[in-house]
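J.: Here you go, one structure.
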Amino acid sequence: MDGILLIDKPAGKTSHDIVAAVRREHRGTKVGHAGTLDPFATGLLLVLLGRATRIQRFLMALPKRYETVARLGATSTTGDPEGEIEVTGRMPADPPPLPTGEVRQRPPAYSAIKIDGERAYARARRGEEVEVPERVVEVTRFDQLWRDADRAAFAIDCSSGTYVRSLIADLGDAYCLELRRTAIGPFSVEDADPTRVLPLADALAFLPRVDLDGPAAKAAGHGVAVPADAPGDGPVVLIDADGPIAIAEPRGDTLKPVVGFRA
């Protein structure tokens, strides 16, 4: 059982809850996921089965698409409905400045980022002062969809590692009331089906494909670099008649397998 499940996570469930349920259903199969969703959030969660767990880092690097409903004129200690809410009445402009391009942001203290080897949220829940380092993310779309009194909806396309809660908090006195992930790279929540396993070859279709056969395919299956006329500047999937062999990265004029699927 090798492939990915596209699951529409409901509110109130953790990503771990979803993975645990899949693990119970597919006993004996290695299970993981590619990108946590907060418990209050809904939307696309990629659950990885078998050898697909080996491509986690490549899936997690894909851009994301979100839709969020913000409450305006109020703040939350966690940036979402689960924190301590303070109603300030100070309303952001309509529409507020919506930054795109490279954006510097400080992830919330209540996040899964590790600080000195421990999750930031664990320290924050103990009442410790948490200083999360700033990061630079890429926001390619940030549109206000509608606004009604103290509610506003936004559509956001962004790079991996972007915290939508921080984008909304930085608008002024606002926090995420609802958050939904609608896409991860080419994968859409509209295609979510917890009963259908997307085969490994299809799951890798977002990477450029290099077809091999004969000795080159056999060598790549053993992790040996293979010659390439135009190796490019990013990872590719090496494939033969039997399916994916490996993910490879350019090394000079060769492609070096870095994740194998034959062993």
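J.: Can you tell me which condition residue 205 does not meet? The list is (1) closer than 19 Å to residue 48 by Cα; (2) touching a strand residue (DSSP E or B) at 6+ places or on another chain (Cβ under 7 Å); (3) assigned to a loop (DSSP other than H, G, I, E, B); (4) not polar (S, T, N, Q), and all the others hold.
T.: (2)
Residue-by-condition table, conditions (1) surrounded by fewer than 16 Cβ atoms within 10 Å (Cβ to Cβ); (2) touching a strand residue (DSSP E or B) at 6+ places or on another chain (Cβ under 6 Å); (3) farther than 13 Å from residue 168 by Cβ:
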residue	(1), (2), (3)
24	yes, no, yes
41	no, yes, no
48	no, yes, yes
61	yes, no, yes
82	yes, no, yes
86	yes, yes, yes
96	no, no, no
99	yes, no, no
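J.: Would you confirm whether any residue within the stretch 242-261 is within 17 Å of residue 37 (Cβ to Cβ) and touching a helix residue (DSSP H, G or I) at 6+ places or on another chain (Cβ under 9 Å)? Break it down stepwise before answering.
T.: Residues of the stretch 242-261 that are within 17 Å of residue 37 (Cβ to Cβ), as a first pass: none.
No, the stretch 242-261 contains no residue that is within 17 Å of residue 37 (Cβ to Cβ) and touching a helix residue (DSSP H, G or I) at 6+ places or on another chain (Cβ under 9 Å).
J.: Moving on to the next point. Just checking, which of 161, 127 is under 19 Å from the mean Cα position of the chain (by Cα), modelled with pLDDT under 95 and assigned to a loop (DSSP other than H, G, I, E, B)?
T.: Values: 127 fails: under 19 Å from the mean Cα position of the chain (by Cα).
Going through 161, 127 in turn, just one is under 19 Å from the mean Cα position of the chain (by Cα), modelled with pLDDT under 95 and assigned to a loop (DSSP other than H, G, I, E, B): 161.
J.: Here is a further query. Please verify whether the stretch 180-188 includes one or more residues that are in a loop (DSSP other than H, G, I, E, B), surrounded by fewer than 19 Cβ atoms within 10 Å (Cβ to Cβ) and more than 21 Å from the chain's Cα centre (by Cα). Let's see the steps before the verdict.
T.: Filtering the stretch 180-188 for residues in a loop (DSSP other than H, G, I, E, B) gives 185-186.
Still in the list and also surrounded by fewer than 19 Cβ atoms within 10 Å (Cβ to Cβ): 185-186.
Going one step further and asking which of them are more than 21 Å from the chain's Cα centre (by Cα), we end up with none.
The answer is no; no qualifying residue exists.
J.: Here's a check for you: in the stretch 29-39, which residue that is surrounded by fewer than 21 Cβ atoms within 10 Å (Cβ to Cβ), of a type outside the set (D, E, K, R) and farther than 22 Å from residue 159 by Cβ is modelled with the lowest pLDDT?
T.: Here the answer is 39.
J.: May I pose another question? Would you please list the contacts, defined by Cβ atoms under 6 Å and residues six or more apart or on different chains, that run from a residue in the stretch 25-42 that is more than 22 Å from residue 185 (Cβ to Cβ) to a residue that is surrounded by 20 or more Cβ atoms within 10 Å (Cβ to Cβ)?
T.: 29/49; 40/80
J.: Quick check on this structure: which one of 258, 210 is within 20 Å of residue 51 (Cα to Cα) and without any contact (Cβ under 8 Å) to a residue 40 or more places away in the chain?
T.: Values: 210 fails: without any contact (Cβ under 8 Å) to a residue 40 or more places away in the chain.
Residue meeting the stated conditions: 258.
J.: So which residues in the stretch 101-117 are out of contact with any helix residue (DSSP H, G or I) (no Cβ under 8 Å at 6 or more places or on another chain) and either at pLDDT 70 or above or surrounded by 15 or more Cβ atoms within 10 Å (Cβ to Cβ) (or both)? Let's see the steps before the verdict.
T.: Step one: list which residues in the stretch 101-117 are out of contact with any helix residue (DSSP H, G or I) (no Cβ under 8 Å at 6 or more places or on another chain), which gives 101-102, 104, 116-117.
Passing the criteria: 101, 102, 104.
J.: Restricting the search to the stretch 195-219, which residues are more than 17 Å from residue 259 (Cα to Cα) and surrounded by 16 or more Cβ atoms within 10 Å (Cβ to Cβ)?
T.: 197, 198
J.: Closer than 20 Å to residue 197 by Cβ, touching an Asp or Glu at 6+ places or on another chain (Cβ under 6 Å) and either assigned by TED's automatic domain parsing to the domain that holds residue 81 or not basic (Lys, Arg) (or both): does that describe residue 6?
T.: Working: closer than 20 Å to residue 197 by Cβ: yes; touching an Asp or Glu at 6+ places or on another chain (Cβ under 6 Å): yes; either assigned by TED's automatic domain parsing to the domain that holds residue 81 or not basic (Lys, Arg) (or both): yes.
Judged against the criteria, residue 6 is a match.
The values are calculated or read from the model by the stated rules, or taken from the named source; none is laboratory data. Treat the numbers as computed from the prediction; the structure is a model and nothing was measured. Cβ sites come from the backbone with ideal geometry, for glycine too, and all protein chains shown count toward neighbours.
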